[in-house]
Amino acid sequence: MFIEVLKSKIHRVKITEAELHYVGSITIDEDLMDAANLVENEKVQIVNINNGERLETYVIKGVRGSGQICLNGPAARKAQVGDIIIIISYCSIEHEKVKNHEPVVIFPDEKNRLSS
């Protein structure tokens, strides 16, 4: 049996852009993607701290080191620039292996950058 568990989380980043007229997705600074073990096109859940909205979309690479967090397409209506969000991904793991699973959780600073 497989169960779905937390794989990765980027905890409390700030929306830097919202582009309504775009194909869709969330653009994430590639440094944050690497640190959180996220890959391009991976499905993620977005939780908006400011308004309680929750949505699912997929990841595209943003400019490395930019702090970019951009909601694209219809998702842009679910947040405003400056809103604080949590980005979450999940994975399926065999139930017997779940005790050894450790999710990756990162805590960027107020400029969406990783502490040195």
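Overview of results
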{"quantity": "Near pairs, Cβ below 6 angstrom, 6+ apart or cross-chain, from region 4-31 (without any contact (Cβ under 8 Å) to a residue 40 or more places away in the chain) to any residue that is of a type outside the set (Asp, Glu) and assigned to a strand (DSSP E or B)", "calculated": "GLU30/LYS61"}
{"quantity": "From the options SER89, SER8, residue that is hydroxyl-bearing (Ser, Thr, Tyr), in contact with an Asp or Glu (Cβ under 7 Å, 6 or more places away or on another chain), surrounded by 15 or more Cβ atoms within 10 Å (Cβ to Cβ) and in a strand (DSSP E or B)", "calculated": "SER89"}
{"quantity": "VAL13 in contact with a helix residue (DSSP H, G or I) (Cβ under 8 Å, 6 or more places away or on another chain), closer than 18 Å to ARG54 by Cβ and modelled with pLDDT of 95 or more", "calculated": "yes"}
{"quantity": "Residue check, ASN112 at positive phi, in contact with a Gly (Cβ under 9 Å, 6 or more places away or on another chain) and either without any contact (Cβ under 8 Å) to a residue 40 or more places away in the chain or outside any strand (DSSP E or B) (or both)", "calculated": "yes"}
{"quantity": "Flag for HIS21 being at pLDDT below 95 and outside any helix (DSSP H, G or I)", "calculated": "yes"}
{"quantity": "Residue count, region 26-74 (criterion: buried (at least 16 other Cβ atoms within 10 Å of the Cβ), assigned to a helix (DSSP H, G or I) and not aliphatic (A, V, I, L, M))", "calculated": "3"}
{"quantity": "Selected residue [more than 20 Å from LEU20 (Cα to Cα), crowded, with 17+ Cβ neighbours inside 10 Å and of a type outside the set (Phe, Trp, Tyr)] from PRO108, PRO103", "calculated": "PRO108"}
{"quantity": "Yes/no for VAL44 being at pLDDT below 95 and among the β-branched types (Val, Ile, Thr)", "calculated": "no"}
{"quantity": "Residues being within 18 Å of PRO108 (Cβ to Cβ), in contact with a Ser or Thr (Cβ under 8 Å, 6 or more places away or on another chain) and not charged (D, E, K, R) - total across region 17-51", "calculated": "7"}
{"quantity": "One residue from ASN37, ASN48 being in contact with an Asp or Glu (Cβ under 7 Å, 6 or more places away or on another chain) and either acidic (Asp, Glu) or in contact (Cβ under 8 Å) with a residue 24 or more places away in the chain (or both)", "calculated": "ASN48"}
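The values are calculated or read from the model by the stated rules, or taken from the named source; none is laboratory data. The structure displayed is predicted, hence computed values, not measured ones. Glycine also receives a Cβ, built like all others from the backbone with ideal geometry; neighbour counts cover every protein chain displayed.
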